[in-house]
Amino acid sequence: MKHDLDSQTRTELEAAAFRKLLAHLDERKDVQNIDLMNLAGFCRNCLSRWYQESAQEKGIDLDKETAREIVYGMPYSEWKEKYQNEVTDAQKEAFQAGGGGH
C-alpha cells in the first residue's frame, strides 16, 4: 500500500513517532539497555549515536553527551546512577551469545 505523503509531513510523522518512542522508553526505565540489546539489537545508547550521526550529516556539531541527554531526558551519568542495574550473568551470556556490541 503506497502512501502519498509529502516530505514535510513524512518528516513530521517520523519525528512524532520518535518522540513517542523516547517517551515510552522514559516510562520503562525498568527495561535496561542490556535487555534492549539482547532482545532488539539496539538500546538507548544506539538511539543517541544515531541522533548524533544524523546531526553530523546535517553539519550540526552535536557531542555524544548532548545526544544522550536528548534520548535519556537527563544527563547520562544521572540516568545511570538512578536507573541502571548491575548486569546479571544471564544478561551477559545472552549479550555475548547474540554477538554483543553496539
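Readers should treat all values here as calculations from the given coordinates under stated rules, not as data from a laboratory. Please read these numbers as outputs of a predicted model, since none were measured by experiment.
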Please report how many Lys pairs in the chain have alpha carbons closer than 27 angstrom, counting only residues at least 8 apart along the chain or sitting on separate chains.
15
Ranked by GNM mean-square fluctuation in the chain (Cα springs under 10 Å), the top entry among 89, 30, 63 is 89
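As a check on your grasp of the helix formula, calculate [θ] at 222 nm for the chain: sum -39500 (n - 2.57) over DSSP H runs of n ≥ 4, divide by the residue count, round to the nearest 500. Kindly include the intermediate steps, with their values, before the conclusion.
Details: 6 runs with 69 residues, N = 102.
Computed mean residue ellipticity for the chain: -20500 deg cm²/dmol.
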